1. For region 65-182, what is the number of Lys pairs with C-alpha distance below 29 angstrom, counting only pairs 8 or more positions apart or on separate chains?
2. Taking the highest mean first, how do the peptides 61-67, 75-81 order by number of other beta carbon atoms within 10 angstrom per residue?
3. Label-point separation (nm) for VAL100 and LYS156, each offset 7 Å from Cα along Cα-to-Cβ?
4. Under the classification rounded if a/c is under 1.5, otherwise prolate if a/b is larger than b/c and oblate if not, where does region 54-182 fall, given a ≥ b ≥ c as square roots of the Cα gyration tensor eigenvalues?
5. Could you list the GluC sites (Glu not before Pro) in region 116-180 that lie in coil according to DSSP, counting only those with at most 12 other Cβ atoms within 10 Å of their Cβ?
6. Could you report region 51-135's accessible area per residue, 1.4 Å probe, as an integer in Å²?
7. How many percent of the accessible area of region 69-182 is carbon or sulfur, using a 1.4 Å probe?
8. In nanometres, what is the gap between the two model label sites at THR79 and SER177, each 7 Å from Cα along Cα-to-Cβ?
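The values are calculated or read from the model by the stated rules, or taken from the named source; none is laboratory data. In this text the structure is predicted, and so the values were computed from the model without any measurement. Here the Cβ is made from the backbone with ideal geometry for all residues, glycine too, and neighbour counts use every protein chain on show. Just the protein is used for accessible areas: all its heavy atoms, side chains included, with ligands, DNA and RNA removed. Shrake-Rupley method; radii C 1.70, N 1.55, O 1.52, S 1.80 Å.
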Amino acid sequence: MSRHALPVSVAIAISLGACCKVQEKAAEKAMEKTIESSLSKDGKQAKVNLSDGGVKVSTTDASGKSTQMELGNAKISETELGLPFYPGSQPTEGASMRIVNGASTSMQVSLHSDDAHDKVAAFYRDRLKAMAEGKQLMDMSSNDGSSLTLVDDKAKSSLQVNVSKAEKGSDIAITASHEGAK
C-alpha cells in the first residue's frame, strides 16, 4: 500500500498546484476583462495584460490615437533613457514604467546603489553638465538627496534624476520624456 501512496500523493500535489495556477490565470483574465471594460468607453478600445508581474495597457480612442503603458516591469535601457545607470546599481523590482501616447514618450527607472547619495548625485551631475550646452540645467540639493533636471526646449525633452538617501546607500529615480521622434 505504501508503495502506491507516494505516487498518488505526488499526483495530488501536482493537481492541486495546477488547479491553483488555473484559478490564478482565470482570475487574472477576469481582472483584465474588467479593466478593459472600464477603459473601453466613449469609443475607446482597450487591451490589458497583467502577466509577467506588471501591467500592460493599450488603448485606441475613437480618432485612432493610441496609448501604450507598461507599468511595473518595463524593460528600459540606458540608451532609451539617454543616460547611463549608476555603476553597480541594481533596478528596483516592479518600479519601471513606459508610457507612449502618440508621439510622446515618458519612461521611469528606479535603481538602488549601496553608495552614498552625494557620490551618486555627483556622478549624475557630471553627466548632465556634460550634456547641458544649449539646455536648461536645474540642480537642487539637500542633506537627504538631490534633484537634477535637464530640459531641452528645442528637442522637447527632459531628463530628471532624483537621488535620495536610503537606509543603506541611495535610491535613484530617472525619468525621461520627449515629444516627437527622438
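1. The number of close lysine pairs in region 65-182 is 27.
2. The densest-packed peptide leads the list: 75-81, 61-67.
3. Rounded to a tenth, the inter-label distance reads 1.7 nm.
4. Oblate, because a/c is 1.5 or more while a/b does not exceed b/c.
5. GLU133, GLU167
6. Dividing the accessible area of region 51-135 by its residue count gives 54 Å².
7. 51 percent
8. 2.5 nm
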